[in-house]
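Below: one structure, written as C-alpha cells.
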Amino acid sequence: MTACRARSFDRVAAHPSRVLVPRTARELAQEIQRGGEPDDKLFDLFLPFRLRVISRMFWTPLAVAARAAAWFAELGVVSVVDIGSGAGKFCVAAALVGACRFTGLEQRLSLVKAAGRLARAFGVDDRVQFVAGILDPSTVPAADAYYLFNPFGENRFGPEGHLDEDVELSEDRYRRDIANVEEMLRRARPGTCVVTYNGFGGHVPDDYTEIRIDCTLPNLLQMWRKAT
C-alpha cells in the first residue's frame, strides 16, 4: 500500500462557515443513507451537550465512518467491535450506510447509555449495541473486524483534556491497554480485520497485512487483515 503521513490527533478538516439547519434524526439518517455528507455538527446535535462540544476531539467524523463502512462491505465483514466506542457515533453512523452488526465496548457507563440513546434515535438499535467493560483479550467479543480511534490517547492528556476522572487514566493504563489490544489481535481468528483511525498507540501483529489506507481524511485511516 502507498504510505502517507499521519496527521495530528486534534487536526480537523476546515469547513466554510455556514448556517446549519437542524433536522430530525430520520431526515439526517436518510441523507446519510443516500450518500450525502451532512455537517458533523448536525449529527452531534443528537448527543448531550457535554458530549457534543468535545465531538471533534473524541468521536469519529461521519466521513470516516462512511469510508470504514464501505471497506467492510467490500470485504464481506458482518460483525464489528468498536474498542472504546465513547458516545457511539462511529457505530451508529457506520450502521446507517452498511449492513454490519456493531458492538461498542466502552468503560464509562454514562457513555454506554448515551450511545444506546443515539442508536435508538437513528433507528439502528436492532444492529447496534453497546456494553460497559474494560478491555480484556479473553472476553472481547469475537468479530470479523475491530475498530480503534486512538482510544487510549486520553491517558496521555493532561487533566484539562480528560472527559472526567471517573476511570483510571495513567501512563501505566495506556501501556496495559495497548498490550491488551496487541494480545487480542494475536488471538483473533485468521481473516480478522482491524481498522484504525489515527492508530491506537501500538503495533499491529506481523501476520496482518495492510489492505486499505486513506490519507485524505483529517487523520490516517488504515485497514489490516490477518493471514488466512
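The values are calculated or read from the model by the stated rules, or taken from the named source; none is laboratory data. Only a predicted model underlies this, so the values are computations on that prediction, with no experimental measurement involved. Quick reminder, even Gly has a Cβ in these numbers, built from the backbone with ideal geometry, and neighbours come from all protein chains shown.
Residues in segment 104-134 that are more than 21 Å from LEU45 (Cβ to Cβ) and touching a Cys at 6+ places or on another chain (Cβ under 8 Å): ARG127 only. Considering segment 95-111, and only residues there that are in a helix (DSSP H, G or I) and of a type outside the set (Val, Ile, Thr), the residue that is surrounded by the fewest Cβ atoms within 10 Å (Cβ to Cβ) turns out to be LEU109.
When ASP125 is tested against the conditions (1) crowded, with 21+ Cβ neighbours inside 10 Å; (2) touching a helix residue (DSSP H, G or I) at 6+ places or on another chain (Cβ under 6 Å); (3) within 25 Å of PHE49 (Cβ to Cβ), the lone failure is (1). Does ALA114 satisfy the criteria of being out of contact with any strand residue (DSSP E or B) (no Cβ under 6 Å at 6 or more places or on another chain), crowded, with 24+ Cβ neighbours inside 10 Å and touching a residue at least 12 places away in the same chain (Cβ under 8 Å)? Here the answer is no, as ALA114 does not meet what is asked. On the stretch given as segment 143-162, residues that are under 20 Å from ILE54 (Cβ atoms) and either loosely packed, with under 13 Cβ neighbours inside 10 Å or touching a Phe, Trp or Tyr at 6+ places or on another chain (Cβ under 7 Å) (or both) total 12. Within the set LEU20, LEU47, the sole residue that is assigned to a loop (DSSP other than H, G, I, E, B), more than 23 Å from THR216 (Cβ to Cβ) and modelled with pLDDT of 95 or more turns out to be LEU47. All conditions in (1) touching a helix residue (DSSP H, G or I) at 6+ places or on another chain (Cβ under 7 Å); (2) within 15 Å of PHE149 (Cα to Cα) hold for ARG212, with the sole exception of (2).
For segment 179-215, the set of residues classified as among the aliphatic types (A, V, I, L, M) and within 21 Å of VAL64 (Cβ to Cβ) consists of VAL181, LEU185, VAL194, VAL195, VAL204, ILE211, ILE213, listed by residue number. Every condition in (1) surrounded by fewer than 23 Cβ atoms within 10 Å (Cβ to Cβ); (2) closer than 20 Å to GLU27 by Cα; (3) of a type in the set (Val, Ile, Thr) holds for VAL53 except the one numbered (2).
Which condition number does ASN219 fail, the rest of (1) buried (at least 20 other Cβ atoms within 10 Å of the Cβ); (2) under 24 Å from VAL112 (Cα atoms) being met? Going through the list (1) buried (at least 20 other Cβ atoms within 10 Å of the Cβ); (2) under 24 Å from VAL112 (Cα atoms), ASN219 breaks only (2).
For segment 117-127, the set of residues classified as part of a helix (DSSP H, G or I) and either in contact (Cβ under 8 Å) with a residue 60 or more places away in the chain or touching a Lys or Arg at 6+ places or on another chain (Cβ under 9 Å) (or both) consists of LEU118, ALA119, ALA121, listed by residue number.
SER138 - would you say it is closer than 24 Å to SER55 by Cα and either surrounded by fewer than 20 Cβ atoms within 10 Å (Cβ to Cβ) or of a type outside the set (Phe, Trp, Tyr) (or both)? Here the answer is no, as SER138 does not meet what is asked.
Restricted to segment 128-228, the set of strands (runs of 3 or more DSSP E) holding at least 3 residues that are in contact (Cβ under 8 Å) with a residue 40 or more places away in the chain and within 11 Å of ILE83 (Cα to Cα) comprises 145-148, 193-197.
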